[in-house]
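Undergrad: Quick one: structure below, then a few questions.
All of the numbers you see were taken from the coordinates with simple rules; none came from a lab. On a predicted model such as this, the values are computed, not experimentally measured, just so you know. Neighbour counts are summed over all protein chains in view; Cβ atoms, including those assigned to glycine, are modelled from backbone coordinates with ideal geometry.
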Amino acid sequence: MSDTCFDDLHASAAAVESRLGINRREFTQFCATTATTLGLAAGSDLAIAQAVEKAQRPSVIWLHYQECTGCTESLLRAEHPTLEKLILDTISLDYHETLMAAAGHQAEAARQAAMKAHKGKYVLVVEGAIPTKDNGIYCKVGGRTAVELVKEAAADAAAVIAIGSCASWGGMPSTGPNPTGASGVAQVLGKPVVTIPGCPPNPYNFLATVVHLLAFGGLPAVDGLGRPLFAYGRIIHEHCERRAHFDAGRFALQFGDEGHRRGYCLYKLGCKGPETYANCSTIGFGDAGESNWPVGCGHPCIGCTEQGVGFAKPIHMVAQLRSVTPAASTPAIVERQGETSFAAAAALVAIAGAAAGGTAMLSKNLGKSDDAAHAPRDE
Ligand code: FSX
Ligand code: SF4
Ligand code: F3S
């Protein structure tokens, strides 16, 4: 980064520090993390810092239906820097049933006022599934069905974001036999929307989507299900820290067995990483450090971001292998723990894929593969 860019980044950080009380180091770290989450080139953290500093504050109307409020909870529980401060300062949250003090008619009036004042410009965020059976009577707010409310709010929205698996396709409330006809936002509106699935989703994926909107004036590129490619472009299995064990045929066979204790692959315990698109393995959860994600903690991925997998397939069922490339092309990276040749490292980064994931997984895998190299095999 040039001296001018460096100075600009620090000027933005200083402005945010005085406005939000978030120290400069945390803020510049946040900008770099967001740029990495988005898979952006070096130097993009400046555009992000300036977008947050300028705080254009798009109006956001946030609706809740069939869900547990875990999506909101995960946003508010994030740390370093306090993500909720950034979110609540970066957007103007004009209607959010969990967070607003208003209730009853006052709350209804606040939503109507926000929709009128920001007609055509607000971002609509929907959390929770929408029940469609029996004319939608299973979820009503202010005497009106969720179907009516979401259609009304979407009509004048500039963008619609479905946050969480419930809003993305129905999620947990749509589990068979789905007595309420729980559906996703796109199904109800009959048009595509941006989806941030996960139960709950990683707050950085939501924040990075909003920051992309602020910094680059549009939503990020998405896949056929509306999922931002920066977060859902690859299957978890491609970035998993246990992948070396999978390739070598070393599996945990029971919870608590030797393989489980040694950190072997969880495929035979039903891990759905091979058929689940998400970046859990690369960005982790809760800013709590390396390995803070389901598989990192020793639990098989249940595919919570993936329609047809999460809440649909039994947890113990083995995953469909979508793209298993090759142990043969994996370089022999380890002679001794923590050491590698430059060529092997470069090849591993290339295999691991996106710069963000690649760099993260390189350091994770190197530390663990020595143990793997000397461990017995479970054939
Ligand atoms: Fe809960 Fe959100 Fe799961 Fe659903 O998250 S964490 S049930 S995706 O809508 O509140
Ligand atoms: Fe990781 Fe699961 Fe793939 Fe094993 S099956 S490498 S635990 S994602
Ligand atoms: Fe969900 Fe699997 Fe990630 S269970 S949180 S998609 S590791």
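Undergrad: Residue by residue, what Karplus-based ³J(HN,Hα) values in Hz, rounded to whole numbers, does the stretch 154-167 have, using 6.51, -1.76 and 1.60 with θ = phi - 60° and x for Gly and Pro?
TA: Working through the residues one at a time gives 6, 4, 10, 8, 6, 8, 10, 10, 8, 9, x, 5, 4, 6 Hz.
Undergrad: Determine the relative contact order of the stretch 120-198: mean sequence separation of Cα pairs under 8 Å and six or more apart, normalised by residue count, in whole percent.
TA: Value for the stretch 120-198: 38 percent.
Undergrad: Could you list which residues have their amide H under 5 Å from that of residue 161, counting only those 5 or more apart in sequence or on another chain, with H placed in the peptide plane?
TA: Close amide H contacts, sequence-distant or interchain: 124, 125, 126.
Undergrad: Can you list the residues, at least 5 places off or on another chain, whose amide H is less than 5 Å from the amide H of residue 92, using H built in the peptide plane?
TA: Placed amide hydrogens put 59, 60 under 5 Å from residue 92.
Undergrad: Here's another thing I want to ask about it. Residue 302's amide H: which non-local residues (gap 5+, or another chain) put their own amide H closer than 5 Å, with H modeled 1.01 Å from N in plane and none for Pro or chain starts?
TA: Long-range HN contacts for residue 302: 272.
Undergrad: Right, something else. Using a 7 Å offset from the Cα along the Cα-to-Cβ direction at both residue 258 and residue 223, what is the distance between the two label points in nm, to one decimal?
TA: 3.7 nm
Undergrad: Once you order the gyration tensor axes a ≥ b ≥ c over the Cα atoms, which shape class does the stretch 119-172 get: rounded for a/c under 1.5, otherwise prolate or oblate by comparing a/b with b/c?
TA: Oblate shape, in that a/c is at least 1.5 and b/c is the bigger or equal ratio.
Undergrad: A further question follows. What order, most packed first, do the peptides 162-174, 299-311, 257-269 have when packing is the mean number of other Cβ atoms within 10 Å of each residue?
TA: Highest to lowest by the protection proxy: 162-174, 299-311, 257-269.
Undergrad: Follow-up question, since we're still on this one. So what J values fall out for the stretch 242-250 if you push phi through Karplus, 6.51 cos²θ - 1.76 cosθ + 1.60 with θ = phi - 60°, rounded to Hz, Gly and Pro as x?
TA: My calculation for the stretch 242-250 gives 9, 4, 4, 5, 4, 4, 8, x, 10 Hz in order.
Undergrad: Quick check on packing: order 143-156, 239-252, 105-118 by the mean number of other C-beta atoms within 10 Å, highest mean leading.
TA: 239-252, 143-156, 105-118
Undergrad: Please report how far the C-alpha centroid of the stretch 237-315 lies from that of the stretch 107-181, rounded to the nearest whole angstrom.
TA: Using only Cα atoms, the two centres lie 32 Å from each other.
Undergrad: Take the residue pairs 116/191; 119/140; 133/191; 119/191; 151/313 and return only those whose Cα atoms are more than 28 Å apart.
TA: 151/313
Undergrad: Assuming 0.36 nm per residue, please report the length gained on full extension of the stretch residue 156 to residue 321 beyond their Cα-Cα distance.
TA: Here the answer is 55.2 nm.
Undergrad: Give, in nm to one decimal, the length gained when the segment between residue 109 and residue 76 is fully stretched (0.36 nm per residue of separation minus the Cα-Cα distance).
TA: 9.4 nm
Undergrad: While we're here: Karplus couplings for the stretch 115-122 from phi (6.51 cos²θ - 1.76 cosθ + 1.60, θ = phi - 60°), rounded to Hz, Gly and Pro as x?
TA: 5, 6, 5, 10, 3, x, 10, 7
Undergrad: OK, next. Could you give the length gained on full extension between residue 102 and residue 191, defined as 0.36 nm per residue of separation minus the Cα-Cα distance, in nm?
TA: 28.9 nm
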